[in-house]
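**Q** My questions will all concern the structure given below.
Read-outs: derived from the displayed coordinates by stated rules, not from any lab. If you're wondering where the values come from, they're calculated on a predicted model, not measured in any experiment. When we count neighbours, we look across all protein chains shown, and the Cβ atoms used for this are built from the backbone with ideal geometry, even at glycine.
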Amino acid sequence: MEFNGVKDKVVIVTGASRGIGRAMAEVFGENGMKVVCAARSEEQGKEVVASIESKGGDAIFVKTDCSKATEIKALVDKTVEHYGRLDGVVSNAGIGMGGTPLHEYEVEDYEKVFSLNSEGVFAGMKYGTEAILKSKSEGGFLINVASVAGLMPQSGQALYTATKFGVVGMTRAAAMDYAKYGITVNAICPGYTKTSIFGDAGDAAMDFFANDCPAGRMGDPRECAYLGLFLASDMARYITGAAIPVDGALSAGHKSVTTWKHPEILTGEGLSSESTIAAIMEDPKGLEIVRKFLPGFEENEQAKQAYGMTFKTLAPMLGLPEDVVGSMLSELDQL
Ligand SMILES: NC(=O)c1ccc[n+]([C@@H]2O[C@H](COP(=O)([O-])OP(=O)(O)OC[C@H]3O[C@@H](n4cnc5c(N)ncnc54)[C@H](O)[C@@H]3O)[C@@H](O)[C@H]2O)c1
């Protein structure tokens, strides 16, 4: 089956001027969809349209403040006026808000983050659905850009978390409303993704985010866009009511200390003093060296607890003379 299930579909992307929304608009344009780029900045929005057109795509810009339901309604109306139909809406526009305990937020903060991240998404779904139904789209879709914070609460982000849990909830409930009527409704839940949402967070903060993620790096906005493209396609007609993380396993669970028994699989090299004790003990030649330098080590129950370490880190703790440690390590390096 060729990937051809999106061509000529008319899609609205909110917050298309940068970040994930821009990537989504560009990927849709590259794949033959007609893209309505909604954003507040005319300059940036038109730049995205020009970039799509320069690659042979079809797009228009509609200036929209997505925190206002009336403007979202006008956006949908203008789309239908221009393209004559609507097949899908990506409600992506959103703001971050975080870093303080709940009591330090102001009521105005609540209104600000909910009006865009929650009410704006509701309006996109409501007016979008009406137009998609009227268009008799056979491949209609709503995609909401939620967050891993919609699956797993984030400390210091009570309000942002609440909006994103709300988006996931609306997504799943609406999926049931429209499952029989040919409109799929899904949420994309990005993890740490390199966009301007992080403002001027410095290198140290960005390193923290990368290291906090099991994948060891932040995501690229296009990695969310590719999922958006698939959900918009006719290949995903039976996927609805899902909240799908694009997060390098960030929301998969709680990280814990893990030591590879056989790290040499990554380098393609044999065992050495860099290998774990467990791997060395499994190798007959390694065992011979351990027996020579550390007689009784393999029978010692306490020593077995250290099998996830390397002899390099363990040897000084055992109080062995430096020359003995040195000889042992150099013999291990010849394995
Ligand atoms: N980047 C991440 O790590 C991350 C993680 C999880 C979820 N998200 C979500 O992804 C979505 C996109 O964020 P991003 O990372 O691309 O951030 P971004 O700041 O780069 O982009 C946000 C977009 O929303 C637009 N926007 C903001 N307020 C608007 C308004 N009132 N009306 C219209 N447009 C408005 C901005 O102009 C911009 O185009 C948001 O919903 C965000 O919560 C991002």
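**Q** Looking only at region 79-117, which residues are more than 15 Å from the ligand (Cβ to nearest atom), β-branched (Val, Ile, Thr) and more than 18 Å from Gly128 (Cβ to Cβ)?
**A** Thr100, Val107
**Q** Can you give me the ranges of the helices (runs of 4 or more DSSP H) entirely in region 261-300 with at least 3 residues that are farther than 17 Å from Leu318 by Cα and of a type in the set (A, V, I, L, M, F, W, C)? I'd like the intermediate steps shown before the answer.
**A** Values: elements: 264-267, 277-282, 284-293.
By residue number, 277-282.
**Q** Consider Val13 carefully, then state whether it is free of Cβ contacts under 8 Å to residues at least 40 places away in the same chain, surrounded by 16 or more Cβ atoms within 10 Å (Cβ to Cβ) and near the ligand (Cβ under 10 Å from one of its atoms). Break it down into steps so the answer makes sense when it comes.
**A** Details: free of Cβ contacts under 8 Å to residues at least 40 places away in the same chain: no; surrounded by 16 or more Cβ atoms within 10 Å (Cβ to Cβ): yes; near the ligand (Cβ under 10 Å from one of its atoms): yes.
Here the answer is no, as Val13 does not meet what is asked.
**Q** Mind checking which residues of region 197-222 are of a type in the set (Asp, Glu) and either under 15 Å from Pro245 (Cβ atoms) or touching a residue at least 12 places away in the same chain (Cβ under 8 Å) (or both)?
**A** Answer for region 197-222, where residues must be of a type in the set (Asp, Glu) and either under 15 Å from Pro245 (Cβ atoms) or touching a residue at least 12 places away in the same chain (Cβ under 8 Å) (or both): Asp212, Asp220.
**Q** Among what's in region 1-48 and is in a helix (DSSP H, G or I) and closer than 16 Å to Glu71 by Cβ, pick the residue that is nearest to the chain's Cα centre (by Cα).
**A** This residue is Gly21.
**Q** To continue, here is another question. How many of the residues in region 304-329 are within 20 Å of Glu288 (Cβ to Cβ), touching a residue at least 12 places away in the same chain (Cβ under 8 Å) and among the small types (Gly, Ala, Ser)?
**A** 3
**Q** Pairs needed: first member in region 175-195, assigned to a strand (DSSP E or B); second member anywhere, of a type in the set (S, T, N, Q) and more than 16 Å from the ligand (Cβ to nearest atom); C-beta distance under 7 Å; at least 6 residues apart or different chains.
**A** Ile183/Thr129; Thr184/Thr240; Val185/Thr240; Asn186/Thr240
**Q** Continuing with this model, one more query. Checking Gly56 against (1) in a loop (DSSP other than H, G, I, E, B); (2) within 15 Å of the ligand (Cβ to nearest atom); (3) loosely packed, with under 15 Cβ neighbours inside 10 Å, which test does it fail?
**A** Evaluating Gly56 over (1) in a loop (DSSP other than H, G, I, E, B); (2) within 15 Å of the ligand (Cβ to nearest atom); (3) loosely packed, with under 15 Cβ neighbours inside 10 Å leaves (2) as the failure.
**Q** Then there is this: When you scan region 62-74, do you find a residue that is crowded, with 17+ Cβ neighbours inside 10 Å, part of a strand (DSSP E or B) and touching a helix residue (DSSP H, G or I) at 6+ places or on another chain (Cβ under 7 Å), even just one?
**A** Within region 62-74 (the criterion being crowded, with 17+ Cβ neighbours inside 10 Å, part of a strand (DSSP E or B) and touching a helix residue (DSSP H, G or I) at 6+ places or on another chain (Cβ under 7 Å)), the answer is yes, since at least one residue qualifies.
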